[in-house]
Each structure stands twice: as structure tokens, then as C-alpha cells.
Amino acid sequence: MSLRQMEYFVAVVEESSFTRAAERLHVTQPALSHQIKALERTVGGELLERLPRGVLLTPMGRAFLPHAERSVRSAAQARRAARAAAGAQGGELHIATVHSVAVGVLPDVFAHWRRAHPGVCLVLHEYASADALEDQVERGIADLALGPVPERWSGPLVPVGEEEIVLVVPFDDPLAGRSSVALHELADRAWVRCAMEPVVDGRPFLDGICGAAGFEPRTAVRTEHTSTAIRMAAAGVGVSTAPGHTVRGALGEDCAVLSVDPPWLRALAVFSRVPLTGAAAAFTELLATLPVTGIRPPHPTAASPERAYADCGAPPAVVPWENARR
């Protein structure tokens, strides 16, 4: 069984066609069919059901596919790592992150990177949930991830800072002239909630943190995206939460951004399956040293999601925002 055979098999599955897979791989269809048959002889059975209008996975093929995909991706990652290991001089670096970090943090970082390392292409993979980051790194799709600190991670992990979670209100709101607000002052307010709001111990974060402050948040609107929630808040529909780096200075004069007192902070880290070398190490160092609006330097214990609950003004019964997994 060879890596090439697994690459051919994965291509046929992804294209649902021997013809299209052969075109994609730049080989003849008979050569592709020969390699697939050789692979099937090696594993001891048919992996694909050949149909007049395409192919389907057999039960054996379904069991074999995730292992083949992992092998192909690991090989691709190994090639990228080898090319980038010599002082970050070439190749590609695949980075997984959540959408808010991609929008609010990485543009400036990528601009600095391009000036320092023009030979290394950065490939960004964006996800709505932080849970997806661990999966993408484990599967070898991304060389490293930048996002909230994982609850459990056995590989290299480097704290790079903390993002502040802020409140958004209209520019003419009575609180708009202030820089911060205590959560209990919002007990009578309506809230705009986002589907991507973190869930902590099976409970939406805002429900838990407001409960600790003595009230239940009154939801006016639920949206699919943070950007929509921010615009709703600016229009006066209700108070919204968002990472500070996504909203500060970005909305003009139609809204105000308030910190919570004490602040809500979430630790960010770079994590990978393998030691950070070459381009990966250089990128991580840049993140840790480059001043970025809305990102604070790492807390001495920021690498752990079990940081002090006081950051959110919550008693130990409530897990702070930084422990949230989305």
C-alpha cells in the first residue's frame, strides 16, 4: 500500500468519478483504475462500487477513507513543514482560526508577515467554532491553530495574548459616554444574542454570567452572525457582546463600545501537533510580540482555561468567557 494509492483513492471519492479524478491527478484513467485495484487487493476487498454514473463507497471503503485522508494530509503537512523549516524561506503555512480573530487580529499580523517573509504563503482556514480548530490541526488540514485555549491539548501550545469581550450599545445610549459598566447595571436591558455565543457546561455563557450578577438576560433578537448582532445593537435593538478587536474603531459614530467592569477576557494561544519550527515558529513569535489592537499581553497563567474567575466578576460556580469553547 503506497501513499500515491491512497491519494488516488481520496481523489476518486472527492470527485465521485474516475474520469474527473484522473484529470485532476494528471494521469490516465487506466493507470488510475490499476492503482485503485492494486489498493483493493492489498486491503482485501472492494473499496468502491463502480456505477454507470459515478462511484460509491462500500462499507469497507467508508471505514478506510478517514485513515487514507489522514495519511494524505499528514504527508502534505510534512512536505510543507520540510520546505518551511529552513528559516521560513518558502512553502506554505496553513493556519486555522475563528472568524472573529481572522477579521479583528490577523490583517495587521499578515501584513507584517508579508514584509518579513514574502516567500511563505499563508493559507487561512476560518471557522465559526473554536471546537473546529482542534479537529483541523489533528487531521493535518492546518499546521497550527490560533484561538481560545483548548481544554485539553497534548501538543505544543504557546499563549499569545488575551482578547477582551466588550458590549455594544447605540451612540445615543445613556451609557455611551462611559468607558465601562458593571454587568448588574444592565439587568433591565434587552440583549441581542448570537448563535455563536459560547456554551459553558451546557449553558449559554451570557445566561450564566448574568445569573451570577443576579438577573436573567432578556433576549430581544437571536442572530446567526456576530456582525449582525453588532449592527442590531448599534440600531438600538439591544445590547450585544463581541470581541473588542472586531468592533473598536470599526463602526463609525453609530455605536459605543463599553468594557465590562471587571473585564471579560479570553486567553488566545497557538497550538500544533508537532514542535513549532521554521515558518510556524516565526509566525508564533510575531503574534506574541506584535502589538495588536484589542489583544492584551498573555496573563502569566493564560495558557490554562482554568484561570481566575475574577476576570469576569463571577463566583467559582460560573465559568468565565475565556473557558468558552466557541
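A few remarks follow.
- Hey, Ser154 within 25 Å of Ala75 (Cα to Cα) and among the polar types (S, T, N, Q) or not: yes
- The stretch 1-51 - residue that is in contact with a strand residue (DSSP E or B) (Cβ under 9 Å, 6 or more places away or on another chain), part of a loop (DSSP other than H, G, I, E, B) and not hydrophobic (A, V, I, L, M, F, W, C) and, of those, farthest from Ala68 (Cα to Cα): Ser17
- Helices (runs of 4 or more DSSP H) contained in the stretch 221-326 and holding at least 2 residues at pLDDT below 85 and crowded, with 21+ Cβ neighbours inside 10 Å: 244-247
The values are calculated or read from the model by the stated rules, or taken from the named source; none is laboratory data. What you are looking at is a predicted structure, and each value in this text was computed from that prediction instead of being measured. All Cβ positions, glycine included, derive from the backbone under ideal geometry; neighbour counts span all protein chains shown.
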